[in-house]
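The block underneath contains the structure these notes are about, expressed in structure tokens.
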There are 2 protein chains.
Amino acid sequence: MEQLESYVSGNWVKGSGKPSILVNPATEEHIAEASTEGLDFGAAFQYARDVGGKALRALSFAQRGEILRALSRAIHAKRDALIEDGIANGGNTRSDAKFDIDGASGTLAYYADLGKQLGDAKFLVEGDGIQLARSPRWFGYHALVPRHGLALHINAFNFPGWGIGEKMACAILAGMPVVVKPATSTAVLAYRIAKLFVEANVLPPGAFSFIAGSPGNMLDSLSEQDVVAFTGSADTGARLRTHAGIVRGSVRLNIEADSLNSATLGPDVSAGSDTYRMFLREVMRDMTQKAGQKCTATRRIFVPEGMVNDVRDELAAMLRDVQVGNPATDGVTVGPLATASQLRDIRAGIELLAKESTFVTGNQAFTPAGVPEGKGYFVAPTLLHCTDPDAAKAVHAHEVFGPCATIVPYDGSSGRVVELIARGAGMLVGSVYSDDRAFVTDMVMGLAPYHGRLYFGSEKIADQTAGPGTVLPQSIHGGPGRAGGGEELGGQRGLALYSHRVAIQGARPILDAVLELKK
Amino acid sequence: MEQLESYVSGNWVKGSGKPSILVNPATEEHIAEASTEGLDFGAAFQYARDVGGKALRALSFAQRGEILRALSRAIHAKRDALIEDGIANGGNTRSDAKFDIDGASGTLAYYADLGKQLGDAKFLVEGDGIQLARSPRWFGYHALVPRHGLALHINAFNFPGWGIGEKMACAILAGMPVVVKPATSTAVLAYRIAKLFVEANVLPPGAFSFIAGSPGNMLDSLSEQDVVAFTGSADTGARLRTHAGIVRGSVRLNIEADSLNSATLGPDVSAGSDTYRMFLREVMRDMTQKAGQKCTATRRIFVPEGMVNDVRDELAAMLRDVQVGNPATDGVTVGPLATASQLRDIRAGIELLAKESTFVTGNQAFTPAGVPEGKGYFVAPTLLHCTDPDAAKAVHAHEVFGPCATIVPYDGSSGRVVELIARGAGMLVGSVYSDDRAFVTDMVMGLAPYHGRLYFGSEKIADQTAGPGTVLPQSIHGGPGRAGGGEELGGQRGLALYSHRVAIQGARPILDAVLELKK
């Protein structure tokens, strides 16, 4: 069986001891193993900081951008092989795997372009300077400089490709070395990408490290100039937040966690309209793409009472056309969940939701296609209908991270649906489908503080968007409260997590010369 | 004895049970008491969110700015009476008290001006919109909107006036209701200001609450749209960071904590020059102002080896002219520490430092002026000299929050002094005195990631600055690592803590209309 290696201090190394086993989630075949036992995280981290950080800070934004461009191309050149890894270890359909892999190369390319725009500077002077007192000579600036630590990227199992790309793009462009820790269960694709990155030979020594296997005690080796960017469950997020290794040095921590995302059909939208079709198509995509294992997928579908039957029947019909099974089998459109423990969690979650909702689809036995009998981590696409959302609790609080969503009726008023959506207590994305400007206005104002991103579908752009479930590098990704309180991407905003802002006060002519010279 | 009241849900209320006793730290006389026993924090917080938040969000920036202007004027109008409170309960000299009180009114006035500039908008659209895909119709914006919770301000004992002003200015202007929790020991001045604020009758109901006394279990009443801004010790900061009430909802938490600030004399500066005098004057001010109880005060004084004797002798001579005692007594220039426990901590800290340094001043018995025998929390201004900064640990890690600083020699090279300063592991402010552009350049680049603010003193501005110890609203205040990782003020940047950034995607004409209309 293939043993995945880690890349630390500029070397590929194998862990010793009992490894974690990586499987094909459609067949449960063992396909690889990984261990970090015996790795010296302290030395690896220090190498990244000392060697990698120093090298990256000596480069301009344009030069860092060129590195990202080369990494983007390295992924794209091996796209077909990577797709096979996504199918075999991620349970991805071909289309799911492309979404992940193209997301990685696309985001790297976007930040390569940004690097080019930022040009020869090595750090950013933010805004204009400002006179500090009566004398025009005493002046203040703010600068954004690379932090002198490392960026530890703890990625989620669902996007082993994109997760690497989106986090690395921002960190490397900002001038910080990265240590990538993919989720072990789906690490094959991440490992292949890591190999491509090292082979591309464009990253300075120490700028990139890769950990395959258990995190062990790596958090104990963090220090105060480091940054940790985590994507995963709210429970793990809370454990990170209170970990001594992070609390001790006020280590900067970014968390993307659970999210009860919503899609709202506006009261103005009639069955059959372009906006209506857009709504159904995008809800359907979020329920089935990646078997619903997207942090941005819609979990709650808010529908005006008079439209509930239409929406329920249309979605049920669409879900009947879905083919669940081994993504290596022709015709399969929805793959398995990524792991056995995810399957357990999702089944338990559906049970919880079903206590306060009724099944529209999903509660019947089914046979996944192309799978040895009894094998694989499959769950049927499950649509629920919650008729008493005031009494219901789980629908607003428990994220079922699979092909599952719940229809929730509302009275067609923006005030009511905002109140219901806000019960989710902090979401990554909320989508609204409406051509009524007054309704849209109310929804913008009402939903904004509870979301990292709002997405408005409407007639004129019905076939021109990537949908609410797609995270674009131009817009920030993250969300308040339950969603973790983090923020990534958003164009140049994405560099902030890896930058330190410093106020600089002094004699204007001196500072002008120093900042211009060194920028 | 006067009993301080709390202002919650629009009413002044007295706590029951055993109160905390507030004293005059120069005489140990009891002057007031405060208790929060029996207060319903949950109800108070909900009133602030529901009533105060809603009212503030309905106001424009200009209107919120007008509130701040009225609060600034309310303080200024009672400046003389407030100074007396600072002397009696804070152990402030008249000059110390003015520094605190004028800092409060000045910062409020600064943000009043900013509100006027921001005008009729109620929230901010950030930057230009951006095309998201091939179609020019699908467009993205970012907006900064007020969070829908409350801002809990946990202030430090050393600046009961300024602490209220600087935190409130940013929160109210951003559109968030505030709950002010001053340190109990010096809460008399904070209480007087709270009374003035309520009497000014310009704050909407619920926009302002005030808690006099123990925090009790108030953190358990936090929810995910709230913000906590804390100034105090790193130990308390770490307890807040891991508190279930904060972790649970990813409550946004800003911490300003311990800081081993430095002042560096450049290798080019000769004795007797304007830059040299500036350096001595400002180090001296930081050692004595507020009895050294400033989070921005210099703790480590880095001096080129050849200048150590000069600096040591000059500072010693200046410190001999200081009169420690009851600030109500004529001629006293340095007051007591604020509390008995501070006195214990500072004495223990000096002992710790003295294990790796020698005393220049401070280790002799002295009699504070105008104080009953044996009373008061006094410590002599203490200058130490550390000859082996490589072996020394406490000098770089233990903040002695009193009139105490340590001279540390270095070889005159920027590389060496940067390495020594960085051992402080994250500071609020570092000051450098030099007219050598190459040295200044190295110091900017070397020190930036370890500081919230850098201050460069030089000949041309020798008598035109407020010194490194003064926090100005134009520049950010905070620092990485040990200093807590927080950030406040910095002009419009100060609103970010209280704002939520949201990405908005949709059809361009619709979003343009909605955002323009509602902004």
Exercise for review: Please say if segment B:21-81 is rounded, prolate or oblate, where rounded means a/c under 1.5 for a ≥ b ≥ c the square roots of the C-alpha gyration tensor eigenvalues, and otherwise the choice is prolate for a/b larger than b/c and oblate otherwise?
Suggested key: oblate
Check your understanding: Could you give, in nm with one decimal, how far A:Lys393 is from each other copy of that position, shortest first, with labels 7 Å out from Cα toward Cβ?
Key -> 4.8
Revision key, fill the gap. FRET efficiency for B:Leu352 and B:Gln46 from the Cβ-Cβ distance with R0 = 45 Å, rounded to 0.05, comes out at 0.50
Practice item. Please get the size of the charge dipole for segment A:270-345, origin at its Cα centre, with Cβ charges of +1 on Lys and Arg and -1 on Asp and Glu, quoted in debye to the nearest 20. Key: 300 debye
Exercise for review: Calculate one ³J(HN,Hα) per residue across segment A:456-473 by plugging θ = phi - 60° into the Karplus curve 6.51 cos²θ - 1.76 cosθ + 1.60, and present them in order as whole Hz with x for glycine and proline.
Suggested key: 10, x, 7, 3, 5, 10, 4, 10, 10, 10, 8, x, x, x, 9, 8, 9, x
**Study point:** Karplus-derived HN-Hα couplings along segment B:330-337 (A = 6.51, B = -1.76, C = 1.60, θ = phi - 60°), whole Hz, x at Gly and Pro
**Key:** 4, x, 6, 10, 9, x, x, 6
Check your understanding: For chain A, which whole-number percentage of the solvent-accessible area (1.4 Å probe, protein heavy atoms only) is attributable to carbon and sulfur atoms?
Key -> 48 percent
Point to revise | Solvent-accessible surface (1.4 angstrom probe) belonging to A:Phe456, in square angstrom, nearest 10 | key: 10 Å²
Revision key, fill the gap. PRE zone check, label point 7 Å out along Cα-to-Cβ of B:Arg423, amide N under 20 Å, scope segment A:38-60, hits A:50
Exercise for review: Round to the nearest 10 and report in Å² the accessible area of A:Glu66, as given by a 1.4 Å probe over the protein chains' heavy atoms.
Suggested key: 100 Å²
Study note, to complete from the structure: FRET efficiency for A:Ser413 and B:Asn201 from the Cβ-Cβ distance with R0 = 60 Å, rounded to 0.05, comes out at 0.95
Exercise for review: From largest accessible area down, sort A:Ser214, A:Ser431, B:Ser273; use a 1.4 Å probe on the protein chains.
Suggested key: A:Ser214, B:Ser273, A:Ser431
Check your understanding: So what is the relative contact order of segment B:141-216, in percent, for Cα pairs below 8 Å that sit 6 or more residues apart?
Key -> 33 percent
Exercise for review: Tell me what chain A gives for mean residue ellipticity at 222 nm when only DSSP H runs of n ≥ 4 count, each as -39,500 (n - 2.57), the sum divided by the residue total, rounded to 500 deg cm²/dmol.
Suggested key: -11000 deg cm²/dmol
Point to revise | Gain in span if fully extended, B:Asp330 to B:Arg239, counting 0.36 nm per residue against the direct Cα distance | key: 28.6 nm
**Study point:** Accessible area of segment A:177-218 divided out per residue, in Å², using a probe of 1.4 angstrom
**Key:** 26 Å²
Exercise for review: Please give the FRET efficiency for A:Glu373 paired with A:Lys98, using the beta carbon to beta carbon distance and R0 = 41 Å, rounded to the nearest 0.05.
Suggested key: 0.85
Practice item. Obtain the nm distance between the two label points defined at B:Asp113 and B:Asp512 by a simple spin-label model: each point lies 7 Å from its Cα along the Cα-to-C-beta direction. Key: 3.5 nm
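Partner chain Cβ atoms within 10 Å, averaged over the residues of A:142-151 - can you pull that number for me?
Mean shielding count: 3.
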Exercise for review: Per residue of segment B:133-138, in order, report the coupling 6.51 cos²θ - 1.76 cosθ + 1.60 (Karplus, θ = phi - 60°) as ³J(HN,Hα) in whole Hz, putting x for Gly and Pro.
Suggested key: 8, 4, 5, x, 7, 8
Study note, to complete from the structure: Taking the label point 7 Å from Cα along the Cα-Cβ vector, the copy-to-copy distances for B:Asp313, listed from shortest in nm with one decimal, are 10.0
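Under a Cβ-only charge scheme (Lys and Arg +1, Asp and Glu -1), can you give me the dipole magnitude of segment B:1-138 about the Cα centre, in debye to the nearest 20?
I would put it at about 940 debye.
Of the peptides A:36-48, A:118-130, how do they stack up when ordered by the mean number of other Cβ atoms within 10 Å, highest first?
With the highest mean Cβ count within 10 Å placed first, the list reads A:36-48, A:118-130.
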Review point. Counting DSSP beta bridges in chain B, what percent are antiparallel, to the nearest 5?
Key: 40 percent
Exercise for review: One decimal, nm, shortest first: give the distances between the label point of B:Asp411 and those of the same position in the other copies, each label point 7 Å from Cα along Cα→Cβ.
Suggested key: 7.8
Point to revise | Nearest-20 debye value, chain A charge dipole, Cβ charges on Lys, Arg, Asp, Glu | key: 1740 debye
Study note, to complete from the structure: A student asked for the Cα radius of gyration and Dmax of chain A in angstrom ought to give 23.8, 81
Practice item. Can you send over the solvent-accessible area of B:Lys195, 1.4 Å probe, protein chains only, in Å² to the nearest 10? Key: 50 Å²
Review point. In segment B:101-141, which residues become less accessible by 20 Å² or more once every protein chain is in place, relative to the chain on its own, using a 1.4 Å probe?
Key: B:Phe123, B:Glu126, B:Ile130, B:Leu132, B:Ser135, B:Arg137, B:Trp138
Check your understanding: Non-local amide H neighbours of B:Thr264 (under 5 Å, H modeled in plane, Pro and chain starts lacking H): which ones?
Key -> B:Phe302, B:Ser431, B:Val432, B:Tyr433
Point to revise | Span from the segment A:163-231 Cα centroid across to the segment B:24-70 one, whole angstrom | key: 45 Å
Practice item. Would you please name the chymotrypsin sites (Phe, Trp or Tyr not before Pro) within segment A:349-387 that are DSSP coil residues with at most 13 other C-beta atoms within 10 Å of their C-beta? Key: A:Phe366
Practice item. Putting +1 on Lys and Arg Cβ atoms and -1 on Asp and Glu Cβ atoms, find which of A:Pro449, A:Gly490, A:Ala513 reaches farthest to the positive end of the dipole of segment A:429-514. Key: A:Ala513
Exercise for review: Could you tell me the largest-minus-smallest coordinate of the C-alpha atoms of segment A:350-442 on each of the three principal axes, in descending order and whole angstroms?
Suggested key: 53, 28, 22
Review point. In peptide A:455-462, how many Cβ atoms from other protein chains are near each Cβ within 10 Å, on average?
Key: 6
Check your understanding: What residues qualify as long-range amide H neighbours of B:Gly206, i.e. H under 5 Å apart, gap of 5 or more or another chain, H built at 1.01 Å from N?
Key -> B:Gly10
Check your understanding: Out of B:Val145, B:Pro327, B:Met168, whose Cα points farthest toward the positive end of the dipole of chain B (charges: +1 Lys, Arg; -1 Asp, Glu; placed on Cβ)?
Key -> B:Val145
Review point. Relative contact order, percent, of segment B:1-117 when contacts are C-alpha pairs under 8 Å separated by at least 6 residues?
Key: 25 percent
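Compute the convex hull volume of the Cα atoms of the protein assembly as shown, divide it by the residue count, and report the result per residue in Å³ as a whole number.
156 Å³
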**Study point:** Spin-label model distance (nm) - A:Arg344 vs B:Phe366, 7 Å beyond Cα toward Cβ
**Key:** 6.7 nm
Revision key, fill the gap. In terms of the charge dipole of the protein assembly as shown, which places +1 on Lys and Arg and -1 on Asp and Glu at the beta carbon, the residue among A:Asn254, B:Gly272, B:Gln131 farthest towards the positive end is B:Gln131
Revision key, fill the gap. Looking along the axis that carries chain A onto chain B, the residue of A whose Cβ comes nearest, with distance in whole Å, is A:Thr242, 2
Check your understanding: Between A:Asp120 and A:Arg79, how many nm apart are label points set 7 Å from Cα along the C-beta direction?
Key -> 3.6 nm
Point to revise | Shielding by partners - mean other protein chain Cβ count within 10 Å, residues of A:494-502 | key: 4
Exercise for review: From zero up to wherever the largest Cα-Cα distance of segment A:1-146 sits, split into 5 Å bins and tell me the percent of pairs in each.
Suggested key: 2, 8, 10, 11, 13, 15, 14, 9, 6, 4, 3, 2, 2, 1, 0
Study note, to complete from the structure: Ignoring ligands and nucleic acids, chains A and B bury, in total, an accessible area (1.4 Å probe) to the nearest 100 Å² of about 6300 Å²
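The values are calculated or read from the model by the stated rules, or taken from the named source; none is laboratory data. All values derive from a computational prediction rather than experimental measurement. No Cβ is skipped: glycine too gets one built from the backbone with ideal geometry, and neighbour counts run over all protein chains shown. Please note that ligands, DNA and RNA were not included when accessible areas were found on the heavy atoms of the full protein model with its side chains. Shrake-Rupley method; radii C 1.70, N 1.55, O 1.52, S 1.80 Å.
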